[in-house]
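S.K.: What follows is a single structure, and I will ask about it in a moment.
The values are calculated or read from the model by the stated rules, or taken from the named source; none is laboratory data. Keep in mind that this is a model prediction, so the values were computed, not measured. Quick reminder, even Gly has a Cβ in these numbers, built from the backbone with ideal geometry, and neighbours come from all protein chains shown.
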Amino acid sequence: MGKKRRLSGAVLIDGRSIWTRNACPKVSQYGESLRRFQGVEHRRWDPTRSKLGAALARARHTQYDLLPEEGSTCLYLGAGHGTSLSHIHDQVCGPDNQMAGRIIAVDLSPRCLRDLIHMAKIRPGLVPILGDARNFSAWGVMVSTKVDWLFQDVSQAGQVGIFIDAVNRFLKPGGKGLLSLKAASERWTGQGERAVFESVAEQLLEAGFTIEEQINLHGLEDNHSLFFIYN
Amino acid sequence: MWLWYDWRAAAVADERGNILDIDEWSGWGDLDRLCARLDMVSHQEITPEVEVLLSRFPDVQVRIHGDPDLPNADWPLPSAGAIECLDKAAVLISKRGVDAAAGDPDRRLEHILRASDELRAAYITIEGRLIEWVGLFLPEARFERERAALADKVLDSESLADLSKLLDIGMPERGPSAKEWQCLGDWARSACEIKIRLESMEDVVRELGASHLPSLSALLGPILASRLCVEAHGRARLARLPAGTMQILGAEKAFFSHLKTGTPPPKHGHIFMHPWVSHSPRWIRGKISRMLAAKATIAVRCDEFGGQLWTEEAIAEIADRVETIREENPYPSQR
């Protein structure tokens with residue numbers, strides 16, 4: 001048993017494992033384990049299945065800042081089957097959306113959206129949108145206000161360009177932006193993934209963001225790095 | 001001057017961001033109208049509010065909400081209640097999008113074709129075991145001709161003696177116990193059932209393939225056409241493949257081993273299933289599959305991009321071409 005500490009009202013770190021307070025009691029979203037801490041049910045955040053979870057496990061000095069505030073508005077590009085998303089929901093919305101948060105999740109695949117729509121039924125505050133993360137004009141109208149927190153995990157060439165455009169378009173000044181970068185999706189220059197990450201960091205600085213931390217996810221999610229920026 | 005708009009309102013502001021005029025839409029309480037409105041804006045169409053403001057301020061630059069050109073201003077953003085309705089509408093639109101995916105013939109073809117492949121693999125093992133099993137008890141029996149009918153015959157006979165009479169062969173000394181024979185009968189029944197299911201599945205594949213890829217089906221047959229379509233992950237992608245890729249689609253293993261280790265390149269992939277290729281002598285299969293793949297790329301492009309359907313004559317011409325290739329190369333080339 002390690003030492004327990006809380007990152008926020010909903011997120012708890014117990015030794016090496018991360019737990020979030022389950023906004024939807026008794027339901028395990030993707031087969032993760034459930035456990036009670038002081039009478040409140042928590043879900044284990046598996047860092048090998050969620051890049052955000054991995055970043056939380058690996059972050060050196062931004063662990064307390066990485067996650068969105070309770071009740072904030074979030075935009076999640078490339079939501080997939082909603083593994084990370086469910087934990088974000090625990091943090092931002094809570095049971096029955098008590099904290100009045102709002103998470104807009106965009107994904108291209110109808111198969112993934114099927115799972116997300118099902119999840120949105122039991123987790124109010126979650127808004128799944130079927131659309132291409134690159135093509136803002138097709139779904140940008142559903143994001144009426146600027147968001148406080150933006151996460152992107154799209155694993156395709158030109159991820160940085162999409163991220164910079166998305167931050168400029170949707171993120172509030174001073175908002176937090178997280179880019180999960182898959183080195184293998186970018187053009188391979190033959191100089192290894194470190195070179196890819198360096199050029200990405202350069203592009204982000206050029207776009208006028210401050211990089212708070214670059215978190216290497218090696219070991220939990222190979223060839224990935226997560227960039228945490230402030231707009 | 002700038003004209004800002006989103007799904008709910010439109011506003012005009014001057015260069016310094018002072019709002020001059022606002023027009024708002026209040027019909028967002030109705031979910032269906034809201035969905036229609038969102039659809040309109042996401043296609044970059046102009047809302048009625050914009051038109052109203054345009055008639056008052058003809059020389060403004062129209063920009064949608066979020067456009068980086070717009071100056072900072074106190075735009076009339078939606079209230080919390082409106083955003084709640086917006087979220088409901090967004091989920092509804094996503095649901096409709098997911099429902100629409102069920103109408104996608106590419107996805108439907110993929111499931112039914114892969115399912116029928118799996119069932120066929122099961123059928124082959126079950127049927128093979130049945131033949132061996134019966135052959136053990138009736139060593140005299142020969143099934144070369146009526147292999148497929150054996151399962152029915154086993155089902156029709158009460159005992160091994162019945163079966164040997166049906167097959168018109170002598171009865172051996174040893175036979176299975178009654179319970180064992182029962183199991184054998186059940187095994188034969190499952191072979192029969194799977195065969196029937198397989199046939200109905202392949203009928204559906206034929207039907208779907210012929211309607212989704214009419215020209216390609218006319219050329220290659222609906223099942224092969226569907227298989228190529230599934231292998232390429234959809235008709236839109238298949239139509240964009242070069243003929244060389246079409247020719248070796250389904251022979252990826254041989255192709256990449258060729259690229260990596262220099263083994264001989266594959267001459268045909270799934271297209272080998274076509275009798276023009278598989279029933280030709282070995283030394284011209286490459287020529288025919290190359291020609292056929294080139295024709296197939298044209299056919300699938302006709303299907304995808306709305307070209308003319310291929311007629312019997314067009315296919316007869318290709319059949320003639322196959323004949324010519326066969327006649328021109330009666331013997332393998334000497335090297």
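S.K.: Find all pairs meeting these conditions: Cβ atoms under 6 angstrom apart; at least six residues apart or on different chains; first residue within segment B:310-332 and in a helix (DSSP H, G or I); second residue among the aromatic types (Phe, Trp, Tyr).
M.R.: Here the result reads B:322/B:276, each pair linking segment B:310-332 to a residue that is among the aromatic types (Phe, Trp, Tyr).
S.K.: With respect to residue B:164, determine if the residue is more than 14 Å from residue B:189 (Cα to Cα), under 34 Å from the mean Cα position of the chain (by Cα) and at pLDDT 85 or above.
M.R.: So residue B:164 fails the test.
S.K.: Among (1) of a type in the set (S, T, N, Q); (2) modelled with pLDDT of 95 or more; (3) in the same structural domain as residue B:113 (by TED's automatic domain parsing), which single condition is residue B:177 missing?
M.R.: Residue B:177 satisfies every listed condition except (2).
S.K.: Can you tell me which residue in segment A:1-60 is nearest to residue A:150 (Cα to Cα), limited to those that are surrounded by 21 or more Cβ atoms within 10 Å (Cβ to Cβ) and among the aromatic types (Phe, Trp, Tyr)?
M.R.: Only one residue tops the list, namely A:45.
S.K.: Looking at this structure, is residue B:141 over 20 Å from residue B:117 (Cα atoms), in contact with a Gly (Cβ under 9 Å, 6 or more places away or on another chain) and part of a loop (DSSP other than H, G, I, E, B)? Walk me through how you get there before you give the answer.
M.R.: Numbers: over 20 Å from residue B:117 (Cα atoms): yes; in contact with a Gly (Cβ under 9 Å, 6 or more places away or on another chain): yes; part of a loop (DSSP other than H, G, I, E, B): yes.
Spelling it out, residue B:141 is indeed over 20 Å from residue B:117 (Cα atoms), in contact with a Gly (Cβ under 9 Å, 6 or more places away or on another chain) and part of a loop (DSSP other than H, G, I, E, B).
S.K.: Can you tell which of B:167, B:219, B:163 is within 25 Å of residue B:269 (Cβ to Cβ) and surrounded by 14 or more Cβ atoms within 10 Å (Cβ to Cβ)?
M.R.: Answer to the check: B:219.
S.K.: List the strands (runs of 3 or more DSSP E) that sit entirely inside segment A:111-206 and contain at least 1 residues that are within 10 Å of another protein chain (Cβ to nearest Cβ) and surrounded by 24 or more Cβ atoms within 10 Å (Cβ to Cβ). Explain how you work it out, then say what you get.
M.R.: On the way: elements: A:126-130, A:147-152, A:171-182.
Hits in segment A:111-206: A:126-130.
S.K.: For residue B:13, indicate whether it is touching a residue at least 12 places away in the same chain (Cβ under 8 Å), hydrophobic (A, V, I, L, M, F, W, C) and assigned by TED's automatic domain parsing to the domain that holds residue B:81.
M.R.: Considered against the rule, which asks whether it is touching a residue at least 12 places away in the same chain (Cβ under 8 Å), hydrophobic (A, V, I, L, M, F, W, C) and assigned by TED's automatic domain parsing to the domain that holds residue B:81, residue B:13 comes out as yes.
S.K.: I'd like the residue in segment B:200-216 that is in contact (Cβ under 8 Å) with a residue 60 or more places away in the chain, within 18 Å of residue B:273 (Cα to Cα) and not β-branched (Val, Ile, Thr) and, out of all such residues, is surrounded by the fewest Cβ atoms within 10 Å (Cβ to Cβ).
M.R.: Filtering segment B:200-216 down to residues in contact (Cβ under 8 Å) with a residue 60 or more places away in the chain leaves B:201-202, B:204-205, B:208-209, B:211-216.
Adding the requirement that they be within 18 Å of residue B:273 (Cα to Cα) leaves B:202, B:205, B:209, B:213, B:215-216.
Filter once more, keeping what is not β-branched (Val, Ile, Thr): B:202, B:209, B:213, B:215-216.
Values: B:202: 19, B:209: 28, B:213: 28, B:215: 24, B:216: 31.
In this case the residue turns out to be B:202.
S.K.: Then there's this: Conditions first: (1) away from chain A (no Cβ under 12 Å); (2) farther than 30 Å from residue A:119 by Cα. Residue B:64 passes all but one, so which condition is the exception?
M.R.: Just one mismatch for residue B:64, condition (1).
S.K.: Separate question: Taking segment B:139-156 as the region of interest, how many residues are surrounded by 15 or more Cβ atoms within 10 Å (Cβ to Cβ) and modelled with pLDDT under 85?
M.R.: 2
S.K.: Look through segment B:26-55, keep the residues that are of a type outside the set (D, E, K, R) and crowded, with 18+ Cβ neighbours inside 10 Å, and return whichever of them is farthest from the other protein chains (Cβ to nearest Cβ).
M.R.: Of the residues in segment B:26-55, the ones of a type outside the set (D, E, K, R) are B:26-29, B:31, B:34-36, B:38, B:40-44, B:46-48, B:50, B:52-55.
Those left that are additionally crowded, with 18+ Cβ neighbours inside 10 Å: B:28, B:34, B:38, B:41-42, B:47, B:50, B:53.
Numbers: B:28: 11, B:34: 11, B:38: 6, B:41: 4, B:42: 5, B:47: 10, B:50: 13, B:53: 18 Å.
Selected residue: B:53.
S.K.: Now a separate question. Restricting attention to segment A:207-219, report how many residues are within 22 Å of residue A:47 (Cα to Cα) and in a loop (DSSP other than H, G, I, E, B). Give the steps one after another, and end with the answer.
M.R.: Initial filter on segment A:207-219 (within 22 Å of residue A:47 (Cα to Cα)): A:212-219.
If we keep only those that are in a loop (DSSP other than H, G, I, E, B) too, we end up with A:217-219.
Count: 3.
S.K.: Continuing with this model, one more query. Pick out the one residue from A:69, A:41 that is at pLDDT 90 or above, part of a loop (DSSP other than H, G, I, E, B), on the phi < 0 side of the Ramachandran plot and out of contact with any Phe, Trp or Tyr (no Cβ under 6 Å at 6 or more places or on another chain). I'd like the intermediate steps shown before the answer.
M.R.: Working: A:41 fails: part of a loop (DSSP other than H, G, I, E, B).
That would be A:69, the only listed residue that is at pLDDT 90 or above, part of a loop (DSSP other than H, G, I, E, B), on the phi < 0 side of the Ramachandran plot and out of contact with any Phe, Trp or Tyr (no Cβ under 6 Å at 6 or more places or on another chain).
S.K.: For segment B:73-122, which residues satisfy the criterion of being away from every other protein chain (no Cβ under 12 Å), surrounded by 14 or more Cβ atoms within 10 Å (Cβ to Cβ) and more than 30 Å from residue B:231 (Cα to Cα)?
M.R.: Answer for segment B:73-122, where residues must be away from every other protein chain (no Cβ under 12 Å), surrounded by 14 or more Cβ atoms within 10 Å (Cβ to Cβ) and more than 30 Å from residue B:231 (Cα to Cα): just B:73.
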